[in-house]
Amino acid sequence: MMNIYEMLKSYYERSNDREKLWGSIEEMAEVLDAMKEKHPDKYWHLMREIHEVWNGAHYDTAFAMYEVSKMYHLEDEREVRGEYWSKKMTDDVLRQYRSRVPSTYNECDFYVALNASYHDLVNSKRKRFPDKYENEIIEDAIAFWFNDDDMPDGKVWWYFNK
């Protein structure tokens with residue numbers, strides 16, 4: 001028995017009917033929507049793989065928001081979850097530091113990287129630099145995520161998705 005890819009490819013090669021191809025994809029989407037509820041990890045894995053085929057190893061808004069929503073750190077045994085810096089705030093920061101961030105990285109990559117660094121570093125940076133911990137986190141984030149000579153383009157995406 002052939003798999004779904006082989007089946008759709010053979011149907012499309014026989015007819016070149018884009019409308020039928022899209023109809024088939026729509027049918028699969030209904031099944032995947034149900035999968036999203038019952039098996040969210042498998043669903044998001046598939047969605048990431050498809051995203052990467054079309055967009056490469058970089059975030060878009062939907063994936064960036066989803067990724068950041070899962071981030072957390074503990075403060076006094078209390079879980080602090082989600083974004084610290086909004087997308088607009090990280091866009092403003094990126095404009096200031098654009099010369100230090102390779103142009104292949106987009107605003108969504110930067111949003112994910114900055115919020116990840118916040119969650120990872122805030123407790124130690126706040127203790128060491130109480131008046132400027134945010135700036136310290138930004139500096140470390142740029143160095144770690146975007147100025148890493150031995151990591152190929154797409155480090156932010158690869159870190160969370162591979």
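Read-outs: derived from the displayed coordinates by stated rules, not from any lab. Note that the coordinates shown come from a computational prediction; the quantities given were computed from them, not determined experimentally. Quick reminder, even Gly has a Cβ in these numbers, built from the backbone with ideal geometry, and neighbours come from all protein chains shown.
Relative contact order for the range 57-161 using alpha-carbon pairs under 8 Å, separation at least 6, rounded to a whole percent? Provide the component values of the computation, followed by the final result.
Values: 111 pairs, mean separation 33.9, N = 105.
Contact order relative to length: 32 percent.
Students often check this: by mean Cβ neighbours within 10 Å, which of 29-39, 144-154 ranks highest, and how do the rest follow? Provide the component values of the computation, followed by the final result.
Details: 29-39: 10.6, 144-154: 13.2.
Output ranking for 29-39, 144-154: 144-154, 29-39.
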Fewest-first ranking of T61, T90, using other Cβ atoms within 10 Å as the exposure measure: T61, T90
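Around A34, under 13 Å between beta carbons, what's the net of Lys plus Arg minus Asp minus Glu among the other residues? Spell out each step's value before the answer.
Working: positive: K36, K38, K42; negative: E27, E30, D33, E37.
Taking every Cβ under 13 Å from that of A34, the sum is -1.
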Highest average packing first - 122-130, 67-75, Cβ atoms within 10 Å: 67-75, 122-130
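Multiply the residue gap between D153 and L32 by 0.36 nm, knock off their C-alpha separation, and tell me the result in nm, one decimal place.
On the way: separation 121, 0.36 × 121 = 43.56 nm, distance 3.02 nm.
Using 0.36 nm per residue and subtracting the Cα-Cα distance, I get 40.5 nm.
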The chain: calculated mean residue ellipticity at 222 nm from DSSP helix runs of at least 4, using -39500 (n - 2.57): -21000 deg cm²/dmol
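Multiply the residue gap between D120 and I25 by 0.36 nm, knock off their C-alpha separation, and tell me the result in nm, one decimal place. Walk me through the numbers on the way to the answer.
Numbers: separation 95, 0.36 × 95 = 34.20 nm, distance 3.92 nm.
The D120-I25 span can extend by a further 30.3 nm.
Under a point-charge model restricted to the Cβ atoms of Lys and Arg (+1) and Asp and Glu (-1), what is the dipole moment magnitude of the range 9-50 relative to its Cα centre, in debye to the nearest 20?
Details: 8 positive and 10 negative charges, 33 e Å.
Here the range 9-50 has a charge dipole of around 160 debye.
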C-alpha long axis of helix 40-55 to longest principal axis of the chain, angle in °: 90 degrees
Cα centroid separation, the range 13-64 to the range 84-147 (Å): 31 Å
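To the nearest 20 Debye, how big is the dipole of the range 68-131 about its Cα centre, given +1 on the beta carbon of each Lys and Arg and -1 on that of each Asp and Glu?
Working: 12 positive and 11 negative charges, 42 e Å.
Magnitude of the dipole: close to 200 debye.
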